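Here's the structure we're looking at; comments come further down.
The values are calculated or read from the model by the stated rules, or taken from the named source; none is laboratory data. It should be emphasised that the depicted structure is a prediction, and the values quoted were computed from it without experimental measurement. As a convention, Cβ positions derive from the backbone with ideal geometry for all residues, glycine included, and neighbour counts pool all protein chains shown. When the accessible area is computed, the model is the full protein with side chains, heavy atoms only, and any ligands, DNA or RNA have been set aside. Shrake-Rupley method; radii C 1.70, N 1.55, O 1.52, S 1.80 Å.
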Amino acid sequence: MRSISAVSGLPALVFAALVGTMAMMAFVAVIGPVVRLLGLSEWHAGLSVTAAGVLWMLSARRWGALSDRIGRRRVLLTALAAYALIYIALAVYVDTALQSPPAVWLSVLALVGLRALVGLFYAAVPPTAAALVADEAPPGRRAGAMAKLGTANAVGMVVGPAAAGWIAFQNLSLTLYVAALLPVLALLVIAWRLPATAPAATTATGPRPRLSWRDRRLRLPVLAVFAAMTSVTVAQVTVGFFAIDRLRLPPAEGARMAGLALTAVGVGLIVAQVAVMKLTSVPPRRWIALGALVSAVGFATVALVQLPWQLLASYAVAAFGMGFVFPSFQALAADSVDAHEQGAAAGAVASVQGLGMVIGPMLGTLLYRVTPSAPYLVVGGVLGVLAVVAGLHGRGVR
């Protein structure tokens with residue numbers, strides 16, 4: 001039985017996941033100042049982020065299925081090349097616009113359109129990488145390899161905004177130029193270190209695989225990814241407001257506390273996913289049940305928070321549970337389908353992840369208007385249901 005270390009090109013995939021996430025998060029870190037300097041409204045920033053999530057949702061399943069037909073490496077090279085070119089165009093536009101601000105409508109069109117295209121092409125990377133791992137890692141050993149990719153994403157979520165903030169303090173435009181170099185590096189590493197393999201679908205007969213969200217084999221992975229991604233984005237979009245309103249912090253201190261909370265999230269994700277990598281004998285269903293339960297407790301206790309350290313502790317606990325869930329729903333999806341369907345399955349799961357990225361921010365802000373505690377109580381309830389479903393689903397299954 002092959003170990004996860006035998007997955008060809010895994011270090012290259014991990015590197016691509018790391019720098020790809022850093023580039024995505026760098027934009028989120030600087031969009032606020034850019035919007036203000038160009039005379040745009042706050043909702044324009046939200047629209048640009050949402051547009052990327054929509055195209056991610058619509059395209060991820062197709063990217064995964066395409067990788068089944070033409071090969072993982074070819075899809076990764078194509079998508080990363082387009083991702084890099086579009087990010088460079090975004091950096092050039094922002095640099096030019098900051099020197100001589102154009103009409104508001106033009107800036108909105110450019111920021112939303114280019115960011116949406118970034119989401120369109122980067123949506124190919126997670127499902128294709130997950131499918132490649134599933135091609136070579138045996139069932140029961142996939143969660144460890146998926147956790148390596150997840151850890152890279154978590155590190156990128158922490159390092160990306162921090163590095164972007166430091167560079168932006170020196171030069172705002174330079175931040176996006178540096179971020180644009182990251183997918184170029186990922187492209188070069190994938191081209192250099194990832195071996196070419198035959199398309200998985202060439203070994204299968206019959207029609208092309210077209211897995212949908214409703215496929216019975218993917219019900220638990222789809223439920224898990226939707227609940228997890230919606231919960232995470234709800235927590236991301238509301239933490240700044242919560243710090244200001246519940247902890248009575250001024251806006252600048254509220255932003256700082258939000259940054260600290262998201263850093264705690266990154267640390268919790270990393271620690272948990274290291275555990276998943278080490279404990280390879282635990283099946284994905286059990287990780288999902290345990291992680292959802294831990295995360296439900298972490299999010300629900302935010303409703304009781306009165307002090308800054310309590311907020312950080314609750315977010316860290318919630319993220320620790322999420323660190324068990326994220327690699328496990330990918331591994332479970334891979335274990336549930338045949339070899340020629342791995343890309344389609346990974347794409348279906350990734351598209352639901354994009355749906356969570358779209359719904360979460362809207363749901364979080366609507367619930368927050370009811371009461372600051374409402375988003376966290378609802379998320380805790382949703383994750384509690386996921387824990388029960390995953391626990392029952394795993395009875396008698398190793």
* Assuming a viscosity of 0.890 mPa s and a temperature of 25 °C, what translational diffusion coefficient in µm² per second does Stokes-Einstein assign to region 5-105, Rh being the Kirkwood radius over Cα pairs? -> 155
* Structure fact -> Any DSSP H helix in the chain with Cα axial reach of 20 Å or more and mean Kyte-Doolittle score of at least 1.6? Listed by number, the hits are 10-37, 104-122, 172-193, 374-393
* **Electrostatic dipole magnitude of the chain [Cβ: Lys, Arg +1; Asp, Glu -1; Cα centre; debye, to 20]** => 920
* To do: On a C-alpha basis, how far is the centre of region 372-388 from the centre of region 120-156 in Å? Whole number, if you could?
  => 27
* Options Gly343, Leu38, Ala168, ranked by Cα towards positive dipole end of the chain, top entry (Cβ charges) -> Gly343
* Amide H to amide H, which residues 5 or more places from Gly71 or on other chains are under 5 Å from it, using H placed in the peptide plane? -> Ala200
* Structure fact -> Expressed per residue, the solvent accessible area of region 15-97 in Å² (1.4 Å probe) is about 37
* Structure fact -> Note on the chain: contact order normalised by length, alpha-carbon pairs under 8 Å, 6 or more apart, percent, works out to 28
* To do: Write down the accessible area per residue of region 254-398 in Å², having rolled a 1.4 Å probe over the full set of protein chains.
  => 39
* Structure fact -> Simple spin-label estimate for Ala339/Ala103, 7 Å along Cα→Cβ, in nm, reads 5.7
* **Size of region 74-139 as Cα extents on the principal axes (Å, biggest first)** => 55, 16, 14
* To do: Could you check how much of the accessible area of the chain is carbon and sulfur, as a whole percent, using a 1.4 Å probe?
  => 68
* **Rg ratio (alpha-carbon, reference 2.2 N^0.38 Å) - the chain** => 0.94
* Structure fact -> Projected onto the charge dipole of the chain (unit charges on the beta-carbon of Lys, Arg, Asp and Glu, signs +1, +1, -1, -1), the Cα from Ala103, Val302, Val382 with the largest positive-side position is that of Val382
* Computed on alpha carbon atoms, what radius of gyration and Dmax characterise region 287-398, expressed in Å? -> 15.8, 52
* Using a 10 Å cut-off on Cβ atoms, rank the peptides 107-114, 289-296, 318-325 from the highest mean neighbour count down. => 318-325, 289-296, 107-114
